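Let me begin by presenting the structure, written as structure tokens, before commenting on it.
The values are calculated or read from the model by the stated rules, or taken from the named source; none is laboratory data. In this text the structure is predicted, and so the values were computed from the model without any measurement. Here the Cβ positions follow ideal geometry from the backbone for every residue, glycine too, while neighbour counts run over all protein chains shown.
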Amino acid sequence: MLRLVAASLCLRCQHVTPLPFKPRSCATVSSAENLQTVEALYDLSVDLQKVRKYKGWVLHQSPAYTKEVAGLLKDMGASGPIIAHILAIHPEAILCNPEHMQTQRDLWMSVCPNQKELVGIIEKFPASFFTSSSHHDNQRNNIAYFRSLNLNKRIITKLMASAPQSFSRPVEQNQVMAHTLQQAYRELGGEEANMKIWLQKLLSQNPFVFLKSPEVLRQNLMFLRDRGFSTAELLHLLSKLRGFVTELNPESMHRTLTFSQNTIGCSEAELRDIILKCPALLYYPESTLDERFKGLLRAGISMSQITETPTVLELTTQIVNYRIQRLKARGYDIRTGSLDALNGTKKDFEMSIGRLQLRRQRPLFNPVAPLKGDD
């Protein structure tokens, strides 16, 4: 019986028209996608699924210069995996004309130490490198201007990578902001000999400073001057606060200062001292400060401890609780000790933990005990 069924099926199969065979690759092309682009990206091991999910429109564009852009990156020393990563997170790069990209490379190399470092920058900031060719003149003029300020090439490179908008706009706009910063530095008593170092440090901390209006800087300085800060203190704040120009404004600072003063219960002069110890306090909205004050107080930390070491307010409540538990496990009571052990970066805290561990392991020495002499 089974043999008859099998024979019947075989005879039936002979009369079925076979379907045409089409091998299906991993680079399956969606409707209207540029086949050459898809195949080129597939050959480079680019994550096409990621490209389709986030930047699918790129695959529909023509012309595209996938092989040319990959060749440019390879000539600069980029490995295959790095090229694939760059094109996966910023596939728009393949729409850039190769000649324009050569010009872009020459511009960046005028301030970048070597091609290896440039590849590292492109890997982190591909959108900053693969920009419109219409910005090349502005980029060239801004590079020349920043170099005329005697800024370190590395600072200029960092600006180009982190805040490319500063280089794509007319140089005159950056000149106005730079002049305003220099003028503020001089008016606040800054020494001319330190101007270059000060400006480099400011731009290194906050590369977006040129994207704001000079008027914001003037308003912030006037507001804090009216609150009683001296010129030397204002220069300190301008130098220390990374977002003095880009993130702060008189209204937000007023709310923060009022909330902090009411919560701490201090005078205006005492509040100024606290702000000078922890300039970042001006950043936080009332809701964030409220949560952090309450978290510290719940942990048994007194308000006097907080005002003595206000930088502890830069830590989230979660980080504070975690660090308190680790200190407690090593016999340190944060309620009676200094908050310096709790404070600082992750590296600073680990060093504090290491010192406490070493102290526990080290035998105690009694300086008044008699020394044992030789018999």
Check on residue 117, within 24 Å of residue 63 (Cα to Cα), within 24 Å of the chain's Cα centre (by Cα), surrounded by fewer than 19 Cβ atoms within 10 Å (Cβ to Cβ) and charged (D, E, K, R): no
Checklist (1) at pLDDT 90 or above; (2) more than 26 Å from residue 304 (Cα to Cα) applied to residue 247, failing item: (1)
Residues satisfying the stated conditions in the stretch 132-154, i.e. farther than 19 Å from residue 176 by Cα, part of a helix (DSSP H, G or I) and not small (Gly, Ala, Ser): 135, 136, 153, 154
Condition check for residue 247: under 24 Å from residue 164 (Cα atoms) and either surrounded by fewer than 17 Cβ atoms within 10 Å (Cβ to Cβ) or in contact (Cβ under 8 Å) with a residue 40 or more places away in the chain (or both): yes
Selection from the stretch 310-343 of residues that are within 18 Å of residue 283 (Cβ to Cβ) and either of a type outside the set (A, V, I, L, M, F, W, C) or touching a residue at least 24 places away in the same chain (Cβ under 8 Å) (or both): 310, 311, 312, 313, 314, 315, 316, 317, 320, 343
Residue pairs meeting the criteria (Cβ under 7 Å; at least 6 apart or on separate chains; first in contact (Cβ under 8 Å) with a residue 24 or more places away in the chain, in the stretch 164-181; second among the aromatic types (Phe, Trp, Tyr)): 166/210; 171/145; 174/145; 174/210; 175/145; 177/210
From 41, 19, 59, 11, residue being at pLDDT below 50 and either within 32 Å of the chain's Cα centre (by Cα) or not in a loop (DSSP other than H, G, I, E, B) (or both): 11
Sole residue being closer than 27 Å to residue 161 by Cα, without any contact (Cβ under 8 Å) to a residue 40 or more places away in the chain, among the small types (Gly, Ala, Ser) and surrounded by fewer than 19 Cβ atoms within 10 Å (Cβ to Cβ), chosen from 204, 213: 213
Any pair with Cβ under 7 angstrom, 6 or more apart, that starts in the stretch 83-97 at a residue that is in contact (Cβ under 8 Å) with a residue 40 or more places away in the chain and farther than 12 Å from residue 65 by Cβ and ends at one that is in a loop (DSSP other than H, G, I, E, B) and among the charged types (D, E, K, R): 88/47
Some residue of the stretch 213-231 being under 28 Å from residue 114 (Cβ atoms) and part of a helix (DSSP H, G or I): no
The stretch 303-328 - residue that is among the polar types (S, T, N, Q) and in contact with a helix residue (DSSP H, G or I) (Cβ under 9 Å, 6 or more places away or on another chain) and, of those, nearest to residue 348 (Cα to Cα): 311
Top-ranked residue of the stretch 278-324 - restricted to ones that are closer than 27 Å to residue 236 by Cα and of a type in the set (D, E, K, R), ranked as surrounded by the most Cβ atoms within 10 Å (Cβ to Cβ): 292
Every residue from the stretch 240-258 that is in a helix (DSSP H, G or I) and more than 14 Å from residue 227 (Cβ to Cβ): 240
